[in-house]
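> Before I ask anything, let me first share the structure, which is written out below as structure tokens.
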Number of protein chains: 2
Amino acid sequence: MATTATPPRLTRSQVEEIVRQVVGERLEGPRAGGPGLIVHASARHAHLCREDLDRLFGPGYELTVDRELHQPGNFAAKETVTLIGPRSRLISNLRILGPLRSRTQIELAFTDAVSLGYEDVPIRLSGDLDGTPGAYVMGPHGVVELGSGVIRAAMHAHMSPDEAAHFGVGKGDVMKLRVGGDAGVTFEKVHVRVDPSYRLEVHMDTDEANACGLRYATEIGLFK
Amino acid sequence: MATTATPPRLTRSQVEEIVRQVVGERLEGPRAGGPGLIVHASARHAHLCREDLDRLFGPGYELTVDRELHQPGNFAAKETVTLIGPRSRLISNLRILGPLRSRTQIELAFTDAVSLGYEDVPIRLSGDLDGTPGAYVMGPHGVVELGSGVIRAAMHAHMSPDEAAHFGVGKGDVMKLRVGGDAGVTFEKVHVRVDPSYRLEVHMDTDEANACGLRYATEIGLFK
């Protein structure tokens, strides 16, 4: 038999705390700021569109999976390209990450950008490519001239809707990542990306990883 | 004629505020957290002791000043050496900074250390070299085998005693440096170094500068 009762009045912070706790218990993946939080240093890489893959590797070419990445469906391909910067300096063996995207995008750390001769490469979210510098990309079948598409990727956290609820954040929000240890660095602009297919993971570039000593970090926390 | 009067009772924070104000007015150099704060990205470099300079460049050799640095008496020399890491990889044209020191010290960014084949290079304060990795150093006259001395320099702030008083810090304290802009990074371990000869200046390495986008920073603050 069902019974009804007036629920006790809760403050907003009590409600938040309960939601966090319940959602937290449901999460089986890496946990908020806990030892399971995965922070990945992405080395420079390329995402290609269909048209550019055809031009670089031949019509109808398909990428070969070399290694699955933490985000389901994403992979490092066996294929690489050569990137040629504005002063004819180049980076060989630039890894392609799959799957294909609607627009080609090259992600570099600032150290890479400097060594290629770029004056400036803006920090951008993935896909936000208007007004970014271009490059030449060379593959075994041909060369593509990109008018734009070279970025430093803004630091970002992939998470599922449950994980976002646990942190109390939503798509487009910005969180902080603190990396303790000998360096002790707080990154203030970790952009939240939410999708049901995502698993909790923070992506930074190699400059950021080197600056904060990510490899030797003794504590890592992600917070609002 | 002298007069005496009971001074008004001041709280500790009022006293601090007055001291800060007075000291602030006396400072003619770059100011605390203000637009004048100089943050310098130190590229990899070597400090040499007399004995090693003799072995690398010949007995009694004297360094040639190429460029004065911000700290009085310090300079980038015209002379460079070749650094050979643990896996026979090398970095050419490693700049020597003068004046000579009591012990040879090589300062690398982590990116440099990785490219040289080091597994780990510890973050250390200048001069704290026990237990650090070694290297071979090659000059035009000879080669030196260092048993230790390769470090990543801990981020640090040079300041005069007046400037230290202005910030309310002393030698050995640790401050924070916040670099705003597109990245937005706070470095938590800026070691305070105080000497009457110093001028206010923060030193970071190139990894740290690249990670926080130092070149394009819109606001920089040094604080306790």
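The values are calculated or read from the model by the stated rules, or taken from the named source; none is laboratory data. Keep in mind the model is a prediction, meaning the values are calculated, not measured. Using ideal geometry, Cβ is built from the backbone for each residue, glycine included, and neighbour counts are taken over all protein chains shown. Quick note on the areas: whole protein, heavy atoms, side chains included, nothing else; ligands and nucleic acids left out. Shrake-Rupley method; radii C 1.70, N 1.55, O 1.52, S 1.80 Å.
> Cβ-Cβ below 9 Å, separation at least six or inter-chain, first residue in segment B:199-224 and on the phi > 0 side of the Ramachandran plot, second assigned to a strand (DSSP E or B) and surrounded by 23 or more Cβ atoms within 10 Å (Cβ to Cβ): which pairs?
That search, which allows pairs on different chains as well, returns B:G213/A:R152; B:G213/B:V179; B:G213/B:V185.
> Has segment A:96-107 got any residue that is assigned to a loop (DSSP other than H, G, I, E, B) and in contact with a Ser or Thr (Cβ under 7 Å, 6 or more places away or on another chain)?
no
> Follow-up question, since we're still on this one. Just to check your reading of the model, which residue among A:L108, A:L100, A:L56 is in contact with a helix residue (DSSP H, G or I) (Cβ under 9 Å, 6 or more places away or on another chain) and away from chain B (no Cβ under 14 Å)?
Working: A:L108 fails: away from chain B (no Cβ under 14 Å); A:L56 fails: in contact with a helix residue (DSSP H, G or I) (Cβ under 9 Å, 6 or more places away or on another chain).
Going through A:L108, A:L100, A:L56 in turn, the sole match is A:L100.
> Which residue pairs have Cβ atoms closer than 7 Å, lie 6 or more positions apart in sequence or on different chains, and pair a first residue in segment B:119-146 that is within 14 Å of another protein chain (Cβ to nearest Cβ) with a second residue that is part of a loop (DSSP other than H, G, I, E, B) and of a type in the set (S, T, N, Q)?
Once the first residue is within 14 Å of another protein chain (Cβ to nearest Cβ) and sits in segment B:119-146, its partners that are part of a loop (DSSP other than H, G, I, E, B) and of a type in the set (S, T, N, Q) give B:P122/B:T132; B:R124/B:T132; B:G131/B:S148; B:T132/B:S148.
> Right, next: Can you tell me how many residues within segment B:55-81 are touching a residue at least 24 places away in the same chain (Cβ under 8 Å) and outside any strand (DSSP E or B)?
Qualifying residue count for the region: 12.
> Let me ask another. Return the pairs, sorted by first residue and then second, in which the second residue is open to solvent by less than 20 Å² (accessible area, probe 1.4 Å) and of a type in the set (F, W, Y), the first residue lies in segment A:170-193 and is facing chain B (nearest Cβ under 9 Å) and closer than 18 Å to B:H156 by Cα, the beta carbons are less than 6 Å apart, and the residues are 6+ apart or on different chains.
That search, which allows pairs on different chains as well, returns A:V185/B:F187.
> Quick test for you: out of A:E201, A:E219, pick the one residue that is surrounded by fewer than 21 Cβ atoms within 10 Å (Cβ to Cβ) and either within 14 Å of chain B (Cβ to nearest Cβ) or in contact with a Phe, Trp or Tyr (Cβ under 8 Å, 6 or more places away or on another chain) (or both). Step through it out loud before you land on a result.
On the way: A:E201 fails: either within 14 Å of chain B (Cβ to nearest Cβ) or in contact with a Phe, Trp or Tyr (Cβ under 8 Å, 6 or more places away or on another chain) (or both).
After applying the criteria, what remains is A:E219.
> Quick one: B:S88 ticks every box in (1) polar (S, T, N, Q); (2) part of a strand (DSSP E or B); (3) open to solvent by 70 Å² or more (accessible area, probe 1.4 Å) except a single one, so which number is it?
All conditions are met except number (2).
> Determine which single condition A:M159 fails, assuming it passes every other condition in (1) open to solvent by less than 10 Å² (accessible area, probe 1.4 Å); (2) out of contact with any helix residue (DSSP H, G or I) (no Cβ under 8 Å at 6 or more places or on another chain); (3) at pLDDT 95 or above.
(2)
> Identify, please: which residue in segment B:42-68 is in contact with a strand residue (DSSP E or B) (Cβ under 6 Å, 6 or more places away or on another chain), within 26 Å of A:A211 (Cβ to Cβ) and open to solvent by less than 80 Å² (accessible area, probe 1.4 Å) and is, among those, modelled with the lowest pLDDT?
B:S42
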